[in-house]
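Here the structure comes first, spelled out in structure tokens, and everything after it is commentary.
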Amino acid sequence: MFEDRGNGIIDAAEDYTDLNSNGQPDPNELFLKNSLPNRLLVKWIDPNTPQVLSTIQPGDSLITRWGQIYYNIIEEVEYNNSKIVSVRNIDSLVTLYTNQIIANIENGGSQNEYFIVKTEWDNPNTVERDYDYLLFKYDDYLYKLTQPSYFKYYGYYWSDLNLETGFWHKNQFVDEILYYTVNGLLREGEEVEELYYDTTSVAIYKIQKSFLVEVEDVTVPAKTIRGFINTDGNVECYANPLWSALTIEDCPGADTTFLNAFKITRKLTQTMIGSDVEFGELNTTWLAEGRGVVKDELQIRWSEWPGVDEMWKGVSRWELGRFTTTSNGNRQFTKLLNRAHEVKITELQNIPELQDPYILSRTSGLQRVELPR
């Protein structure tokens with residue numbers, strides 16, 4: 001039996017833990033609680049070399065100095081606690097259905113009305129007719145709807161037989177600025193540069209773009225009158241006097257020069273961060289008053305050896321060969337422009353003026369980007 005009789009000296013009060021909050025130390029409250037451990041756990045398996053337990057794992061045991069064993073110092077307990085929460089009714093449910101080939105329009109809004117341009121040409125590689133759909137809209141600038149695409153991580157593709165076309169596409173559409181304009185007008189000397197990084201699932205690409213407007217004369221084989229009737233009564237062509245033609249319309253295109261045409265140069269450089277492989281596109285377009293696009297060139301490049309200047313390789317060139325202004329043609333063209341269609345991009349083949357389904361391809365300006373064989 002222990003009795004605290006006091007020591008007859010006024011000293012510090014006894015520390016205790018007030019469990020019942022009555023302000024008085026009760027017999028069962030003569031202890032202190034501390035949020036931090038103030039004891040060491042020591043395992044005495046060998047009395048001569050006790051081991052301090054700096055870490056404890058579930059299932060560990062402990063032997064005291066006096067041989068007492070404590071099993072499972074820390075025990076894992078699985079605790080499940082279910083709660084019920086009441087919420088208000090769902091306001092709306094929206095389900096988005098997408099196609100694996102067709103993508104979502106990024107930052108889409110009510111201004112998603114586009115002019116559809118279809119380009120067609122004979123593909124010498126496949127001996128078949130080929131085509132692209134180009135979608136444009138005007139809102140301060142001239143925008144082109146595109147799916148961003150990048151070269152694959154191997155790089156250096158000169159053949160589309162290696163890995164499809166050598167490019168992969170993101171699964172969303174974006175409005176890319178094709179021409180910078182002011183109130184719908186091009187300005188000589190306009191120059192814009194842009195630099196940003198795009199983090200993709202394949203790699204991080206540094207994107208550098210430039211846009212330049214100049215004015216110069218341009219010569220293309222679009223002479224309106226291609227020949228004449230000579231003194232012998234035969235057709236003689238301006239492009240080639242020896243050309244055999246029954247009518248002037250049978251003559252090949254002859255050069256004509258358009259003065260003060262707008263020359264628009266768009267340059268793109270994609271750099272894959274890490275490998276530092278570069279791919280470049282150089283698209284140059286000439287616009288003549290009253291004629292629109294009269295010439296368009298596309299060149300590409302890959303990374304050169306260190307210290308070597310950029311080496312551009314021509315891919316394709318378009319030149320205006322004939323320009324007609326028949327009244328019937330104008331009426332048909334106006335009729336087509338004034339006819340608005342609300343159509344899914346997967347159903348373009350249902351429009352009589354288009355007829356072909358949408359295909360995904362990489363384009364630069366108006367031209368298909370195909371790596372040379």
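The values are calculated or read from the model by the stated rules, or taken from the named source; none is laboratory data. Fair warning: this is a prediction, and the values are worked out from it, not measured in the lab. Every residue, glycine among them, receives a Cβ derived from its backbone with ideal geometry; neighbour counts consider all protein chains shown.
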Report task. Please work out which residue is surrounded by the most Cβ atoms within 10 Å (Cβ to Cβ), limiting yourself to region 206-247 and to residues that are touching an Asp or Glu at 6+ places or on another chain (Cβ under 7 Å) and part of a loop (DSSP other than H, G, I, E, B). Result -> LYS223
Report task. Name, by its number, the condition in (1) of a type outside the set (Ser, Thr, Tyr); (2) modelled with pLDDT of 90 or more; (3) surrounded by 13 or more Cβ atoms within 10 Å (Cβ to Cβ) that does not hold for LEU259. Result -> (3)
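Please go through region 289-324 and give me each residue that is in a loop (DSSP other than H, G, I, E, B) and among the charged types (D, E, K, R), ordered by number. Spell out the reasoning first.
In the first step, residues of region 289-324 are kept if they are in a loop (DSSP other than H, G, I, E, B); the result is 289-291, 303-312, 320-324.
Matches in region 289-324: GLU289, ARG291, GLU304, ASP309, GLU310, ARG322.
Each row is one residue, and each column tells you yes or no for (1) of a type outside the set (A, V, I, L, M); (2) in contact with a Leu (Cβ under 9 Å, 6 or more places away or on another chain); (3) in the same structural domain as PHE323 (by TED's automatic domain parsing).
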{"position": "ASN230", "(1), (2), (3)": "yes, no, yes"}
{"position": "GLY233", "(1), (2), (3)": "yes, no, yes"}
{"position": "CYS251", "(1), (2), (3)": "yes, no, yes"}
{"position": "ALA254", "(1), (2), (3)": "no, no, yes"}
{"position": "ASN260", "(1), (2), (3)": "yes, no, yes"}
{"position": "LEU282", "(1), (2), (3)": "no, yes, yes"}
{"position": "GLY290", "(1), (2), (3)": "yes, no, yes"}
{"position": "LYS295", "(1), (2), (3)": "yes, yes, yes"}
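Taking the stated definitions as given, is GLU76 at pLDDT 65 or above, within 49 Å of the chain's Cα centre (by Cα) and more than 30 Å from PRO357 (Cα to Cα)? Spell out how you get there, then give the answer.
Values: at pLDDT 65 or above: yes; within 49 Å of the chain's Cα centre (by Cα): yes; more than 30 Å from PRO357 (Cα to Cα): yes.
Taking the combined requirement at face value, the residue satisfies it.
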Query raised in the report: Are there any pairs, at least 6 apart or on different chains, whose C-beta atoms fall under 7 Å, with the first in region 354-365 and assigned by TED's automatic domain parsing to the domain that holds GLU120 and the second assigned to a loop (DSSP other than H, G, I, E, B), and if so, which?
Result: LEU360/ILE101; LEU360/GLN147; ARG362/THR165; ARG362/VAL369; THR363/VAL369
